[in-house]
Amino acid sequence: MELQGKVVLVTGAGSGIGKAAAARLAREGASVGVLSRTEDEIQATVREIEQAGGQAIPLVADISDAGQMRQAVERLVETYGRLDIVFANAGINGVWAPIDELQPEEWDKTIAINLRGTYLTIHCSVPHLKQAGGGAIVITASINGTRTFTSSGATAYSCTKAAQLAMTQMLALELAKHRIRVNVVCPGKIETEIEESTTHRSSEEAEVPAEYPEGNIPLTGKEPGTSDEVAELVLFLVSDRSRHITGTPVWIDGGQSLLV
């Protein structure tokens, strides 16, 4: 029960990495605010946590909406009395298309959810982390925009991921005096549902050939990582075991991003 007595906010907790992390942190004794804009998904996540003996509450909010995020964080703190850990995980792939086909509203949506949403999650949470005397923040970025740039048409997405890495390193210094650590995980190919909500439009026109050895993940061939493996990394980064780690990106991709 490594996180006994801690209160955690997990965004994008209705599926994939967020859901796995919420369940894993709850198993370590944390009380979890399970946040997503899709109510039925987070209700299911909360039920699973409670059935396993953990504590969680559902928080419905659009992470790009300041008012909704403020209310969600306040409700979490009112329920459990504090906030110690934030996993800013929610995001979308959005539309992947050549830059001259990518429409301004499509660009704006990806930026709003991935970047503004990360900012608002941290902006609303940090006052409570300070009040708790410290804490930990983990952001989900990607290998795209941080090590690799060959996902054709993914300009908006990759820009948000690069910015999240910069945000992590800026805030690691800014918040260090408050004993708040900030780190970022950069997954490669992971078994999640995010690809199902990705729109590809003429993205082959933006493609640049890249040669890979047999299998595009050196460690596992064609087998992707799992959400549970990312959740284990998040647990380490928010626990006292990583108390001297801040401002650090961790790529969890089986060596995939080292190929190009």
Ordering of 149-159, 99-109, 172-182, 6-16 by packing [mean C-beta count within 10 Å, highest first] | 6-16, 149-159, 172-182, 99-109
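If you take all C-alpha pairs in the chain, what percent of them are over 27 Å apart?
Numbers: 11280 of 33670 pairs.
Value for the chain (Cα pairs over 27 Å): 34 percent.
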Per the Kirkwood treatment, what hydrodynamic radius in Å, one decimal, follows for the range 1-138 from the mean inverse distance over all distinct Cα pairs?
-> 15.1 Å
If one takes the longest principal axis of the Cα atoms in the chain, at what angle in degrees, from 0 to 90 and to the nearest 10, does the Cα axis of helix 227-238 lie?
-> 50 degrees
Report the extension gain between Asp40 and Thr150 in nm, rounded to one decimal, defined as 0.36 nm multiplied by the number of residues separating them, less their alpha carbon distance.
-> 36.1 nm
What share of the DSSP beta bridges in the chain is antiparallel, in percent to the nearest 5?
-> 5 percent
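Where does each of 116-124, 138-146 land if you order them by average Cβ count within 10 Å, highest first?
The peptides rank, most packed first, as 138-146, 116-124.
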Can you give the angle from 0 to 90° between the axis of helix 117-131 and the longest principal axis of the chain, with both taken from C-alpha atoms, to the nearest 10?
-> 30 degrees
Cross-link pairs Lys130/Lys177; Lys19/Lys189; Lys189/Lys222; Lys19/Lys130; Lys6/Lys161; Lys161/Lys189 - those with Cα-Cα distance over 19 Å | Lys19/Lys130; Lys6/Lys161
Amide H contacts under 5 Å for Trp96, placed H, 5+ residues apart | Thr199, His200, Arg201
Placed amide H near Val184: partners under 5 Å, 5+ positions off or other chain | Ile139, Thr248, Val250
Calculated from backbone phi, Karplus (6.51, -1.76, 1.60) coupling profile of the range 32-45 in Hz, x at Gly/Pro | 10, x, 9, 10, 6, 8, 10, 5, 5, 5, 6, 4, 5, 4
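If we count every other residue with Cβ under 11 angstrom of Arg243's Cβ, Lys/Arg +1 and Asp/Glu -1, where does the sum land?
My count for the surroundings of Arg243 gives +2.
Just so you know, all these numbers are worked out from the coordinates, no wet-lab data involved. Treat the numbers as computed from the prediction; the structure is a model and nothing was measured. Ideal geometry is used to build each Cβ from the backbone, glycine not excepted, and the neighbour counts take in all protein chains shown.
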